[in-house]
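What follows is a single structure, written as structure tokens, with notes after it.
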Amino acid sequence: MRRHIFRRPRATCTRSPLLLVVLLLPVVALVWYSFTVNSVIKTVAVTSHTTETVVQHAEVVIDQKIGCVAWRQTLGCSPFGSRETKEDKACDYWIRKDAGYCECTGGLTTNRFGCGHHPAFRCKEACEALNKDLRPALKLPANVTCPLTRGTYNSTLSSLWHISSKLRSQRPQNVGELDVQAASLWQQVMRALGVAGRNVVHTPGLRDDRNDWVRDGSRMSRQDILRARQQWQTFMHESPAYPARMFSGRGIVILAGGLTYMVPAWVNVHMLRRTGCTLPVEMFFPIKEYPTPALEAALAQVGVVCRRLPNLEPAEDLHMTDDGVDSKDGKRDIDLSGFTMKIAALLLSRFQEVLFLDSDNVAIRDPAVLFESPEFLQTGALLWPDYWDSSAAPDLQLILGEPSLPSNTFESGQMVFDKSRVWGGLMLAAFFNMQSELYYDLFSNYMGKGDKESFAHALRAMQLPYHLVHAPVGSVGLSKQRCDGDQRHCWFEFAGNSMTQHSPDGQIMFLHTNLSPKWSLEVPGDFEHYHRRWQIVQPGGHNFEDVVAELGADLEQEIYRLLVALRCAPFLPSYVEVLSRSDRMGKGKQMPMGLQGFHPLNNGVDFRLAYRWGLKGPYLAFQDVDFQDRFQYFKNTWIKGRLGRLKRLLRWLGLSRRRKQPS
């Protein structure tokens, strides 16, 4: 009995702590959960040097209980990224590594989060907690309110700078005749291409982020090299000579069309006039995206003449009639890439001396001085460098007969040409862009494929001089959160979103906003909620406002006012309506007409990742690299190159098959 009595208390003592733990576990979990949610809600989100407006108690009148709407996902690991609507989550979904914010009722949100490990929470509880404490809340910014009155619209523009009557009187009287002459000249270019043939030579393989036949040591056959050389020489023999009567004077050429390019072009030309530049501007449009009369008149107010790009490309058999209609099926206006549109606009502009500007390239100083620079007067061509070292295929040297290949790459967001002096080079550049399947792979690897290398190589092949601006390309951007693969380790580093290009004397002249979203109509109703994209200048890590202080203006605030003026312009709805007909806006050219959530910032260039992929260049002046970065660079260059050579050997031995290129 004693033994039984003795053991029972022991057994009871053994089970009691377990029972106590079981009973207390839910209580502990509840306390931990409550603490976690509260700590998350009170966490200050990453701001990337961008000011957020925190809602104070006195600023919000709550007439009903605050509840959850949804989790709003943002792109690129950034709380300031564009909305990624496909990844939005329900209110009861556990948020662990995502970037974004909880949208709550009443136009409120929780703090915003970047990606990376943070305590898990649900938007349901996060929004409900705002009923007790509003301090962590943010208020969604309002959209721009339209319409602006006509007087307000005009004053918005005129208050930025005075638009002289001289600009409005620059429109030539014979624009229609200019377009006819341009179409005739382009037909001659097409006939030369028809004689030379198109896509008759192909490269040995792919050049993408995984495969690179140049890196792997492959080379074009001697027969293909000879065929490619003969082809471009035939084209040049058949191409039209310089038509001196078509061109005169100097001016600026810009490509536009659709909202994706029209909106930044609007900013471009108005900021151009802000510098005091009075050069005439021709803005070229694809036929289907040509402005309405009201938009055309608005652009004429700042000295812009709208031009139509002709039918740029015939059908594949290249049989053309005199009126530009393919004799086989009568097709007109067959689209080419924007890269071919660029060289077409250069060739067909009425100017003899041309500054070409990408639509998203903002001049912050008067670029007219470029035409008077000794470097341009000596050569007739000014070009600018890109971030990357050259990755051109050695075969290119044999095809073009160049003594050597340049060590750098080029950037075509701004170029200056005297067409009378470099006409042959521009003609050959047109050929390269119409033969893009071959030459884009020869010019560079997957990073930055396009027209940008074609101009320098064409000038070199034709033995024509050019001046490469000595100042290396820089970058403007901001500090952005980055995370490793599993998002356990996060840090802040520079992310560039615009290129800085300099005048020959070393001053910053252009800010090329070459990453999407560029300038768009997704702007808040007041500048207080606008997120600045230009904050840090590299190399050097300088404050952007200090660098441009001598200009005496807040550039981003002026651009914001321009975007608001365009958003509420009387002519915009009719242009959008025209674009929406029969899919005229084109693939990839749609643009939101208003703000969705907060004002978005683009992700910027991840220069560290570019180095890891195997790219070197002057950008390393503003990006530190560590041992892991160097190892990844070594793996993606030396190791992958040797593996590629091994694959070639196995194919030669019949032990492996070549990967087919996509048709």
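Electrostatic bookkeeping for ALA495 treats Lys and Arg as +1 and Asp and Glu as -1; over the other residues with beta carbon under 13 Å from its beta carbon, the sum is +2.
Using the average count of surrounding beta-carbon atoms within 10 Å as a protection proxy, the listed peptides 279-290, 629-640 rank, highest first, as 279-290, 629-640.
Could you sort the peptides 433-439, 485-491 by per-residue average Cβ neighbour count (10 Å cutoff), highest mean leading? It would help to have the intermediate numbers written out before the result.
Working: 433-439: 21.4, 485-491: 11.4.
Highest-to-lowest ranking by the protection proxy: 433-439, 485-491.
Compactness of region 172-583 is given as radius of gyration and Dmax, 21.7, 66 Å, from Cα positions. With the convex hull constructed from alpha-carbon coordinates only, region 603-655 shows a mean projected area of 4.9 nm² over all directions. Length, then width, then depth: along the principal axes, the Cα atoms of region 344-415 run 39, 27, 24 Å.
So which of LYS89/LYS139; LYS97/LYS518; LYS97/LYS124; LYS86/LYS288; LYS419/LYS518 end up more than 23 Å apart by C-alpha? Walk me through the numbers on the way to the answer.
Details: LYS89/LYS139 20 Å; LYS97/LYS518 27 Å; LYS97/LYS124 17 Å; LYS86/LYS288 31 Å; LYS419/LYS518 30 Å.
Among LYS89/LYS139; LYS97/LYS518; LYS97/LYS124; LYS86/LYS288; LYS419/LYS518, the Cα-Cα distance tops 23 Å for LYS97/LYS518; LYS86/LYS288; LYS419/LYS518.
Rounded to the nearest 20 debye, the dipole size of region 380-466 about its Cα centre is 280 debye, using +1 on the Cβ of Lys and Arg and -1 on the Cβ of Asp and Glu.
Each reported figure results from applying straightforward, stated rules to the coordinates on display, with no laboratory input. The structure presented is a predicted model; accordingly, all values stated were derived computationally and were not measured. So basically every Cβ, Gly included, is an ideal-geometry build from the backbone, and we count neighbours across all protein chains shown.
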